[in-house]
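S.K.: For reference, the structure I am asking about is given below.
Every read-out reported here was derived from the displayed coordinates using simple, explicitly stated rules and does not represent laboratory data. This is a predicted model, so every value here is computed, not measured. Glycine also receives a Cβ, built like all others from the backbone with ideal geometry; neighbour counts cover every protein chain displayed.
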Amino acid sequence: MCGAPKQGGSLAGIDLDTQTVIQGQVWHDGAPVAGAYVRLLDATDEFTAEVVTSPEGQFRFFAAPGSWKVRSLAPVGKGERSLSADVGLNETTVVLD
Amino acid sequence: MSRNDVLVTADWAQEHLGDPSLVFVEVDEDTSAYDKGHIEGAVKLDWKTDLQDPLRRDFVDKEQFEKLLSEKGISNDDTVVLYGGNNNWFAAYAYWYFKLYGHDKVLLIDGGRKKWELDSRPLSEDTVSRPATQYQAKDADTSIRAFRDEVIAAIGQKNLVDVRSPDEFAGKLVAPAHLPQEGAQRPGHIPTAVNVPWSKAANEDGTFKSDDELRKLYADAGLDTSKDTIAYCRIGERSSHTWFVLRELLGEPNVKNYDGSWTEYGSLVGVPIEKGA
């Protein structure tokens, strides 16, 4: 339902011909950050979704083609990354500072 | 109701850990969050397995709610202090349940689990058990719950507030973007609804904006406070967050949460739907 699926892991069962997947990792000081809050903002900077990174620092969103911003917040710092997504797999990394 | 009667800060909560008149309750869809660490002494509620009927699409009835709270060791006199993940979506949902079944003293921790974690406040992995009680619920207060026929009748008559993201409102997405985009329902929104995403009522750390900012937000969106209001989202949890803002923080008298929300409305045969911003 509204609960986020487990972050990261296999793409098995996800139809990349129809889904626009935005996924990646959050990094800080050369290492992935577990438990970081990651939100997806639309082209108008409005909140669309938020997840918490996996133990490996991974996050995943199911969006639509277009411009997006991924913003992350954790006790160690914050960071953001803009990207343009297409149907299929779109990967990005957010660095916190 | 006003802010001080219903909302407490993380500082207040931390200072009141162990207070015997309080019961801290974490509400999540993902109970593994609780298991990895929770506020000391907090019991957990799973919004789905504890708060939803296992068979029909409805939430637990009065007897089920009494059984649940009795087993969790919550009594009628306790002050229930709710918090949770997802910027308190599910904690606000549980708050609405507690009010629906007439619990007297309920508080929400501003910012919920997110603010608590971002502040690096202590979390405990200890198992929490409380002695069982004999909880007595009141009959469900439907003055805060909207059903589908009432929602259809409200088109063009009452304030309808769609609290989903703009892309869901416009019909571009059918679910929040942390979920796969699938579902039987048609995308779009209820005609005459205004789109005020729940997130506009919250700061980035999950705390609520000030009363002045909130009043301005809904006034700018065209909410007519002389009319009754119905809030909806996809399954009723984000709209509980907005229901909490309008009724509990701002004290608007007639605000209902439509928990059927888009997963019900968008699947109804023959009802009007609009798309686009």
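S.K.: So if we plug the beta-carbon distance of B:Gln134 and A:Asp45 into 1/(1 + (r/R0)^6) with R0 = 41 Å, what FRET efficiency do we get, rounded to 0.05?
M.R.: My answer for the efficiency is 0.20.
S.K.: Still on this structure, I have one more. Under unit Cβ charges (Lys, Arg +1; Asp, Glu -1), what dipole magnitude, rounded to 20 debye, does segment B:176-277 have relative to its Cα centre?
M.R.: 260 debye
S.K.: Under 12 Å from a point 7 Å along the Cα-to-Cβ line of B:Asp224: which residues of segment B:133-172 have their amide N that close?
M.R.: Residues B:155-160 qualify, since their backbone N sits under 12 Å from the label point.
S.K.: Assuming R0 = 22 Å, what is the FRET efficiency of B:Asp104 and B:Lys209, from their Cβ-Cβ distance, to the nearest 0.05?
M.R.: 0.25
S.K.: Normalised by the residues of chain A, what does the relative contact order come to in percent, with Cα pairs under 8 Å and at least six apart?
M.R.: 33 percent
S.K.: Return the Rg/Rh ratio of segment B:144-265 with Cα-based radii and a Kirkwood Rh.
M.R.: Rg/Rh: 0.94.
S.K.: Direction-averaged shadow area of the convex hull around the Cα atoms of segment B:1-119, nm²?
M.R.: 7.2 nm²
S.K.: Also, I was wondering about something else. Could you please state, rounded to a whole Å, how far the C-alpha centre of segment A:17-84 is from the C-alpha centre of segment B:123-176?
M.R.: What the calculation gives is 27 Å, centre to centre.
S.K.: Tell me the volume per residue, in Å³, of the convex hull enclosing the alpha carbons of the protein assembly as shown.
M.R.: Normalising the Cα hull of the protein assembly as shown by residue number yields 137 Å³.
S.K.: Along each of its three principal axes, how wide is the spread of alpha-carbon positions in chain B, in whole angstrom units, largest first?
M.R.: Reported extents, whole Å, longest axis first: 50, 39, 37.
S.K.: Using label points projected 7 Å from each Cα along Cα→Cβ, tell me how many nm separate B:Arg57 and B:Lys36, to one decimal.
M.R.: It is 3.1 nm.
S.K.: Could you calculate the contour length gain from B:Asp11 to B:Glu182, that is, 0.36 nm times the residue separation minus the distance between their Cα atoms, to one decimal place in nm?
M.R.: Net length gain for the segment: 57.5 nm.
S.K.: Something else now. Note down the nm distance, to one decimal, between modelled labels 7 Å out along Cα→Cβ at B:Arg3 and at B:Ile155.
M.R.: Roughly 3.8 nm, to one decimal.
S.K.: Against the globular-protein guess of 2.2 N^0.38 Å, express the Cα radius of gyration of segment B:226-274 as a ratio, rounded to two decimals.
M.R.: Its radius of gyration relative to the 2.2 N^0.38 Å reference: 1.23.
S.K.: Now for a different question. I need the phi-derived Karplus couplings for segment A:31-43: 6.51 cos²θ - 1.76 cosθ + 1.60, θ = phi - 60°, integer Hz, Gly and Pro marked x.
M.R.: 3J(HN,Hα) across segment A:31-43, in whole Hz: 9, x, 10, 7, x, 7, 7, 10, 10, 9, 10, 7, 4.
S.K.: Using 0.36 nm times the number of residues separating B:Asn76 and B:Ser124, minus their current alpha carbon distance, what extension gain do you get?
M.R.: Length difference between fully extended and current span is 14.7 nm.
S.K.: Another one. For the modelled label position 7 Å from the Cα of A:Glu56 along Cα-to-Cβ, which residues of segment A:64-92 have backbone nitrogen atoms closer than 19 Å?
M.R.: In segment A:64-92, the label zone of A:Glu56 (backbone N under 19 Å from the point 7 Å along Cα→Cβ) covers A:89-92.
S.K.: Over segment B:3-139, what is the mean sequence separation of C-alpha contacts under 8 Å (at least six apart), divided by residue count, expressed as relative contact order in percent?
M.R.: After rounding, I find 34 percent.
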